[in-house]
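So the structure is just underneath, and the comments pick up after that.
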Amino acid sequence: MDLILLGPPGAGKGTQAKKLVELTGIPQISTGDMLRAAVAAGTELGKKAKAFMDAGKLVPDEVVIGLVEERLAKPDCGGGFMLDGFPRTVPQAETLENMLGRLKRKLDHVLLLDVEDEELVKRITGRRTCGECGSIYHLVFSPPPAADTCKCGHKGLDQRADDNEKTVRERLTAYHKQTSPLIDFYGKRGLVRKVVGTNATPDDVFASAKRALRLG
Ligand code: AMP
């Protein structure tokens with residue numbers, strides 16, 4: 001299954017991707033995670049990306065496209081992939097279409113997670129992640145089992161540098177302007193499976209996502 005997870009920041013793409021990985025074994029490819037790893041490692045690419053990410057703006061297409069092209073060529077993507085956070089612009093989507101064409105592959109689904117802006121701001125500013133196992137929490141809606149401690153036992157949950165209200169609003173502006181045209185792009189190709197995430201728990205959304213993707 002070749003799948004894209006589409007939706008605004010905080011819609012639950014990462015959370016749903018992790019559940020879908022558990023169910024299907026297909027790898028999650030998160031461009032946000034790859035870029036954060038490059039920033040943390042201080043690579044040339046990371047240095048280029050950092051200022052854009054800190055400002056809540058999209059990293060230039062050519063930087064991200066190179067990363068994805070390399071990742072899709074890895075053997076674990078042979079049976080399918082789950083793109084989380086890519087494509088985010090129409091040129092990225094067009095490039096992906098060409099890339100997949102060269103590999104004689106075609107997208108099966110674009111899972112669109114639809115959540116209202118004000119809920120997104122609340123979700124993102126309360127989001128915390130475990131640097132050890134990648135689990136995602138929300139201080140109020142989905143708290144860790146003990147204060148500042150992950151279920152894996154790791155102490156000291158992290159808040160992403162760009163998960164503050166000012167940057168979140170920039171990221172939402174970028175989503176509405178540059179990414180939401182993809183709903184139409186993939187709608188025309190008959191690929192969009194929409195799931196409403198406003199006022200829904202991650203398990204509710206997962207149940208709807210499985211139905212939408214015909215996974216049970
Ligand atoms: P995410 O973890 O998906 O919310 O991404 C965090 C940040 O990484 C975004 O705000 C962008 O600055 C950058 N980013 C991630 N994916 C892309 C992409 N496909 N195109 C451009 N920038 C991206």
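Quick note: the coordinates plus some simple rules give every number you see, no bench work behind them. This structure is a prediction, so every number in the text was calculated from the model and none was measured. Note: ideal-geometry Cβ built from the backbone for every residue, glycine included; neighbour counts use all protein chains shown.
Which of the residues belonging to the stretch 67-92 are touching a residue at least 40 places away in the same chain (Cβ under 8 Å), more than 15 Å from the chain's Cα centre (by Cα) and within 16 Å of L6 (Cβ to Cβ)?
Scanning the stretch 67-92 gives a single hit, V90.
Which ranges mark the helices (runs of 4 or more DSSP H) fully within the stretch 113-199 that have 3 or more residues being in contact (Cβ under 8 Å) with a residue 40 or more places away in the chain and not hydrophobic (A, V, I, L, M, F, W, C)? It would help to see each step written out before you state the result.
Working: elements: 117-125, 165-174, 181-187.
Passing ranges, in order: 117-125, 165-174.
Confirm whether L100 is more than 25 Å from V121 (Cβ to Cβ) and surrounded by fewer than 21 Cβ atoms within 10 Å (Cβ to Cβ).
Details: more than 25 Å from V121 (Cβ to Cβ): yes; surrounded by fewer than 21 Cβ atoms within 10 Å (Cβ to Cβ): yes.
Yes: the conditions hold for L100.
Specify which of the listed residues (D204, D148, D114, D108) is more than 16 Å from the ligand (Cβ to nearest atom), among the acidic types (D, E) and on the phi > 0 side of the Ramachandran plot.
On the way: D204 fails: on the phi > 0 side of the Ramachandran plot; D114 fails: on the phi > 0 side of the Ramachandran plot; D108 fails: on the phi > 0 side of the Ramachandran plot.
Exactly one of D204, D148, D114, D108 is more than 16 Å from the ligand (Cβ to nearest atom), among the acidic types (D, E) and on the phi > 0 side of the Ramachandran plot, namely D148.
Can you pull out the helices (runs of 4 or more DSSP H) entirely within the stretch 19-106 that have at least 1 residues that are of a type outside the set (V, I, T) and closer than 27 Å to A209 by Cα?
31-41, 61-72, 90-102
Residues are listed down the side, and each one gets a yes or a no for (1) near the ligand (Cβ under 10 Å from one of its atoms); (2) over 17 Å from I136 (Cα atoms); (3) touching a Phe, Trp or Tyr at 6+ places or on another chain (Cβ under 6 Å):
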{"position": "I4", "(1), (2), (3)": "no, yes, no"}
{"position": "G10", "(1), (2), (3)": "yes, no, no"}
{"position": "A17", "(1), (2), (3)": "no, no, no"}
{"position": "L20", "(1), (2), (3)": "no, no, no"}
{"position": "M34", "(1), (2), (3)": "yes, no, no"}
{"position": "G42", "(1), (2), (3)": "no, yes, no"}
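List, please: which pairs have Cβ atoms under 9 Å, are six or more places apart or on different chains, and start with a residue in the stretch 38-65 that is in contact (Cβ under 8 Å) with a residue 60 or more places away in the chain and end with one that is more than 8 Å from the ligand (Cβ to nearest atom) and of a type in the set (A, V, I, L, M)?
Close Cβ pairs (under 9 Å, with a partner that is more than 8 Å from the ligand (Cβ to nearest atom) and of a type in the set (A, V, I, L, M)) amount to M53/V39; M53/A161; D54/A161; G56/V168; G56/L172; K57/A51.
Can you find, within the stretch 22-32, the residue that is farthest from L100 (Cα to Cα) among those that are surrounded by 15 or more Cβ atoms within 10 Å (Cβ to Cβ) and more than 11 Å from the ligand (Cβ to nearest atom)?
T24
Just a yes or no: is a residue in the stretch 49-65 touching a helix residue (DSSP H, G or I) at 6+ places or on another chain (Cβ under 9 Å) and away from the ligand (no atom under 11 Å from the Cβ)?
Among the residues of the stretch 49-65, not one is touching a helix residue (DSSP H, G or I) at 6+ places or on another chain (Cβ under 9 Å) and away from the ligand (no atom under 11 Å from the Cβ), which makes the answer no.
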